[in-house]
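Novice: The structure under discussion is supplied below as structure tokens; questions concerning it will follow.
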Amino acid sequence: MKIVYLNTYKVSGDEQRFKFLIEFVKHEDPDVLGLSELDGWDNDNWRLKHSFQLSTGLKYAEVGLSEQSNHHIALFSKYPLKNTVIYNKNFYCAALKSNVNFNNMNVDIILVHLSYKDEDARLAELNTIFTSGVKQNPTIFMGDLNSLYQKDSYNETELLLDMKNLRIKKFGVETIRYDVTNYLMKLGFEDTLNTSPKNFRHSVPTNFNKDTSHFTKLRLDYIFVNKSLINLLETSEIIKNPLTEQLSDHYPVSAEFSV
């Protein structure tokens with residue numbers, strides 16, 4: 001079972017990058033793909049979505065429409081997506097939860113693009129998603145969290161100084177906040193990338209980067225899983241190559257499981 005996530009940075013307005021996206025997905029051949037910032041994909045009766053599915057062979061899809069930003073999200077799959085729940089009320093972007101059956105294992109997949117504003121806004125969105133807690137069945141939580149992970153061991157003094165000079169407050173003001181990723185770990189989720197301080201891997205910026213908040217190497221994109229899946233994890237990576245340098249302002253992330 002191969003899972004891939006990518007923040008596409010408004011790819012609908014760029015024909016060349018849309019072709020890059022299709023090329024990338026066909027090469028990676030994921031079973032389930034999560035995409036965010038699908039601004040404009042709902043135009044012309046979802047023309048881009050249908051074109052994308054036809055080109056990639058990902059015949060099943062569920063869309064989370066953003067009510068505030070047009071930063072829509074979508075889950076694409078080779079297998080039927082069932083029992084989908086959309087979260088967009090009081091979300092800056094959106095989130096969705098769906099279920100996929102892999103070799104008789106039912107896996108819940110949660111796709112998010114959390115608020116860019118601050119950690120409090122992101123925590124409020126998480127509380128909405130997990131209002132009933134977390135079930136014990138296998139669960140994947142992935143997306144652009146717009147948040148940092150404490151185990152990535154940032155130089156907080158330098159990071160705070162850079163943020164102050166750039167007037168960026170999204171990661172904290174007096175201290176760096178890791179509330180979102182700490183919240184997920186308290187729920188029993190584990191980071192598939194398992195980054196160590198000696199092997200820090202960033203998901204922004206790419207060579208294409210257009211976002212001033214990607215002012216240094218940061219990891220904002222993640223695939224977390226609960227204990228039902230962590231022992232089945234085979235590989236996880238942030239995909240960096242000449243194609244992904246120009247595909248988006250974020251690098252894609254992937255995880256493969258022996259399911």
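Novice: Under Stokes-Einstein, with the Kirkwood radius over Cα pairs standing in for Rh, what whole-number D in µm²/s applies to segment 2-257 at 10 °C and 1.306 mPa s? Could the numbers behind the result be given before it?
Specialist: On the way: Rh = 18.3 Å.
The diffusion coefficient I find is 87 µm²/s.
Novice: Let me ask something else about it. Using 0.36 nm per residue of separation minus the Cα-Cα distance, give me the extension gain between Ile86 and Ser132 in nm, one decimal. Mind dumping the intermediate values first?
Specialist: Working: separation 46, 0.36 × 46 = 16.56 nm, distance 1.49 nm.
In short, 15.1 nm is gained.
Novice: May I pose another question? What does the net charge come to around Lys82 if you take all other residues with beta carbon closer than 13 Å to its beta carbon, with K and R at +1 and D and E at -1? Please report the intermediate quantities before stating the final value.
Specialist: Values: positive: Lys97; negative: Glu62, Asp108.
In short, -1.
Novice: Next question. Can you tell me the order of 91-104, 158-171 when each peptide is scored by its average per-residue count of other Cβ atoms within 10 angstrom, highest first? Each step should come with its number before you reach the end.
Specialist: On the way: 91-104: 19.4, 158-171: 14.2.
Sorting 91-104, 158-171 by mean packing, highest first, produces 91-104, 158-171.
Novice: Any chance you could check the Cα centroid distance between segment 1-49 and segment 87-107 for me, in angstrom?
Specialist: 17
Novice: Normalise the Cα radius of gyration of segment 216-259 by 2.2 N^0.38 Å (N = residues in it) and let me know the number. Please list the in-between numbers first.
Specialist: Details: Rg = 12.6 Å, N = 44, 2.2 N^0.38 = 9.3 Å.
Normalised by 2.2 N^0.38 Å, the Cα Rg of segment 216-259 equals 1.35.
Novice: First select every other residue whose beta carbon is under 9 angstrom from the beta carbon of Tyr5; then total the charges, Lys and Arg +1, Asp and Glu -1. Kindly include the intermediate steps, with their values, before the conclusion.
Specialist: Values: positive: none; negative: Asp144, Asp221.
With Lys, Arg at +1 and Asp, Glu at -1, the neighbours total -2.
Novice: Which percent, to the nearest 5, of DSSP beta bridges fully inside the chain are antiparallel?
Specialist: Numbers: 40 of 51 bridges.
Percentage antiparallel, nearest 5: 80.
Novice: I want to verify a result. In a Gaussian network model of the chain, Cα cutoff 10 Å, which of these has the top mean-square fluctuation: Asn83, Asn137, Asn207?
Specialist: In this elastic network of the chain, the residue with the biggest mean-square fluctuation among Asn83, Asn137, Asn207 is Asn83.
Novice: Using mean Cβ contacts within 10 Å as the protection proxy, how do 109-121, 51-63, 222-234 order, highest first? Provide the component values of the computation, followed by the final result.
Specialist: Numbers: 109-121: 20.8, 51-63: 16.5, 222-234: 18.5.
Packing order, densest peptide first, comes out as 109-121, 222-234, 51-63.
Novice: Another question, if that's okay. Convex hull over the alpha-carbon atoms of segment 97-190: what's its volume per residue in Å³? All intermediate terms of the calculation are to be shown ahead of the outcome.
Specialist: Values: hull volume 9.5 nm³, N = 94.
Convex hull of Cα atoms, per residue: 101 Å³.
Every read-out reported here was derived from the displayed coordinates using simple, explicitly stated rules and does not represent laboratory data. Note that the coordinates shown come from a computational prediction; the quantities given were computed from them, not determined experimentally. We place every Cβ from the backbone using ideal geometry, glycine too, and count neighbours over all the protein chains shown.
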